[in-house]
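To start, the structure itself, in structure tokens.
The values are calculated or read from the model by the stated rules, or taken from the named source; none is laboratory data. None of these values were measured; they are calculated from a predicted model. Here the Cβ is made from the backbone with ideal geometry for all residues, glycine too, and neighbour counts use every protein chain on show.
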Amino acid sequence: MPKATTANPRATHGGINIGAILSLIEWLTGDECHALDEAGLVAGLGRRLQALGLPVDRLTLHLTTLHPEFIGRTFAWAPGEPVEIHDREHGARLALANTPLVKAQDMRELLVVGPGESPHGRWQHIDIFYGRGLVQLIVAPLCNADGPISTAAFGTRRPGGFTSAERDVIERILPALRNTCELRVLRQCELSLLDTYIGPMTASRILAGHIRRGEIESMEAALLLCDLRGFTELSNRLPGSTVLGLLNAYFDKVVPAITREGGEVLKFMGDAVLAFFPGADAAGACGAALASAKTILDEIGSFEYDGIRAKVGIALHYGEVSYGNVGSGNRLDFTLIGPDVNIVSRIQSICSERGEALLTSAPFRQKAGITDAISIGQQRLKGFGETMELFALTRAE
């Protein structure tokens with residue numbers, strides 16, 4: 001396609017105004033587009049392509065990301081319809097292996113395909129294209145300097161498909177589209193990786209710039225420590241693959257019970273899970289932690305993996321913790337420290353020693369308003385000079 005100039009604003013290429021094409025490219029690289037989310041991007045691009053005269057009846061962006069559950073997300077636009085958003089699990093790529101969507105990524109080449117069979121596979125059966133009467137699809141890989149490759153697909157119902165000039169327009173805007181999609185993919189990768197490995201609250205603090213060693217804040221929080229009973233013995237006698245499967249199945253029961261109540265998992269310590277429920281509202285934080293603990297006990301009560309049944313011990317405490325960065329040089333960890341963190345760990349040890357399913361400290365019991373608890377007496381906590389009264393719930397539902 002010949003380069004456009006500003007000398008003649010009415011210049012056209014195949015009947016398409018070149019100035020309008022340049023305006024579209026400027027929009028893709030400008031502040032207005034930058035402020036949009038992915039759904040706004042695909043809708044805005046689709047409308048602008050139609051305004052140029054391109055017969056785009058379906059526009060989809062397939063943005064690949066780094067996520068433990070999803071390989072990416074699809075955003076699909078059609079005139080007069082709300083944008084569809086589809087999360088794609090990791091197995092989805094295998095299901096789409098013999099389609100132009102994946103072939104374009106693997107070959108790093110723009111593909112133009114019609115209906116039916118082709119050297120690049122079928123595509124009209126894919127959920128976002130099915131039943132729409134599309135006769136041609138242009139699939140363009142959005143190749144970044146490194147990292148995952150995304151794709152854009154432009155579909156039309158017009159008999160004969162896109163003209164060569166219309167294909168030129170699509171190719172002309174692809175570099176700008178690639179760049180704006182890359183920014184969004186990188187942003188999403190950053191957020192999903194931080195959320196995956198350190199949790200959303202900690203992630204938000206890191207993204208806000210709290211990344212220097214010694215940046216510590218004090219806060220009050222309800223603390224929950226859940227430990228899998230007899231894990232050492234199990235790990236010593238079972239194959240490694242079985243142990244990992246057991247751990248993951250166990251965590252699948254524990255973690256959702258915590259996050260649903262607004263808690264954040266701070267650490268996986270072997271088979272133990274340390275979580276905190278922040279908030280100046282002590283009763284609310286402790287109530288959420290207690291609800292999580294009861295849900296965990298319910299879930300584990302019917303839990304079985306590969307014929308293995310499991311039991312847990314849960315310690316609950318409320319207190320003041322120091323939350324922030326510790327470490328050395330450029331290798332830091334965001335963590336909780338303080339006497340109250342040590343206390344919940346010691347309570348967990350007494351859970352194991354006495355075979356209790358759930359123990360709480362007196363401060364937690366009081367702030368959570370627990371009435372159905374029985375004192376197990378004053379207990380000596382390792383490393384602490386004074387004893388502490390602990391309570392077991394009369395029922396562990």
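Only one residue in A291, A272 is of a type outside the set (V, I, T), at pLDDT 90 or above, more than 26 Å from I206 (Cα to Cα) and surrounded by fewer than 21 Cβ atoms within 10 Å (Cβ to Cβ), so which one is that?
Result of the check over A291, A272: A291.
If you scan the range 295-307, which residues turn out to be within 19 Å of V265 (Cα to Cα) and surrounded by 18 or more Cβ atoms within 10 Å (Cβ to Cβ)?
Selection gives T295, I296, L297, I300.
Quick grid of which residues meet (1) in the same structural domain as A310 (by TED's automatic domain parsing); (2) surrounded by 15 or more Cβ atoms within 10 Å (Cβ to Cβ); (3) modelled with pLDDT under 95:
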| position | (1), (2), (3) |
| --- | --- |
| G155 | no, yes, no |
| A165 | no, yes, yes |
| N179 | no, no, yes |
| S192 | no, yes, yes |
| A222 | yes, yes, no |
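Scan E166, E182, E190 and give me the residue that is on the phi < 0 side of the Ramachandran plot, free of Cβ contacts under 8 Å to residues at least 24 places away in the same chain and not in a strand (DSSP E or B).
Criteria check complete, one pass: E190.
Going residue by residue through the range 197-213, is there one that turns out to be in a helix (DSSP H, G or I), of a type outside the set (D, E, K, R), farther than 22 Å from A76 by Cβ and touching a Pro at 6+ places or on another chain (Cβ under 9 Å)?
Within the range 197-213, one or more residues are in a helix (DSSP H, G or I), of a type outside the set (D, E, K, R), farther than 22 Å from A76 by Cβ and touching a Pro at 6+ places or on another chain (Cβ under 9 Å).
Out of T74, T60, T99, T65, report the one residue that is under 20 Å from E166 (Cβ atoms) and assigned by TED's automatic domain parsing to the domain that holds L186.
After applying the criteria, what remains is T60.
Yes or no: the range 102-111 includes at least one residue that is out of contact with any Leu (no Cβ under 6 Å at 6 or more places or on another chain) and among the β-branched types (V, I, T).
No, the range 102-111 contains no residue that is out of contact with any Leu (no Cβ under 6 Å at 6 or more places or on another chain) and among the β-branched types (V, I, T).
So T259 fits all but one of (1) within 23 Å of I337 (Cβ to Cβ); (2) of a type in the set (S, T, Y); (3) more than 23 Å from the chain's Cα centre (by Cα); what number is the exception?
T259 satisfies all of (1) within 23 Å of I337 (Cβ to Cβ); (2) of a type in the set (S, T, Y); (3) more than 23 Å from the chain's Cα centre (by Cα) except (3).
In the range 93-113, which residues are in contact with a strand residue (DSSP E or B) (Cβ under 6 Å, 6 or more places away or on another chain), without any contact (Cβ under 8 Å) to a residue 60 or more places away in the chain and either closer than 18 Å to E171 by Cα or of a type in the set (A, V, I, L, M) (or both)?
P100, L101, A104, Q105, R108, L111, V112, V113
Restricting the search to the range 316-336, which residues are at pLDDT 80 or above, of a type in the set (A, V, I, L, M) and buried (at least 17 other Cβ atoms within 10 Å of the Cβ)?
L316, V321, L336
Somewhere in the range 203-211, is a residue under 26 Å from T295 (Cβ atoms), in the same structural domain as A315 (by TED's automatic domain parsing), in contact (Cβ under 8 Å) with a residue 12 or more places away in the chain and surrounded by 14 or more Cβ atoms within 10 Å (Cβ to Cβ)?
no
Go through the residues of the range 385-395 one by one and say whether even a single one is β-branched (V, I, T) and loosely packed, with under 12 Cβ neighbours inside 10 Å.
Yes, because at least one residue in the range 385-395 is β-branched (V, I, T) and loosely packed, with under 12 Cβ neighbours inside 10 Å.
Here is a check on your reading of the model: is S118 among the hydroxyl-bearing types (S, T, Y), within 23 Å of the chain's Cα centre (by Cα) and in the same structural domain as L59 (by TED's automatic domain parsing)?
Judged against the criteria, S118 is not a match.
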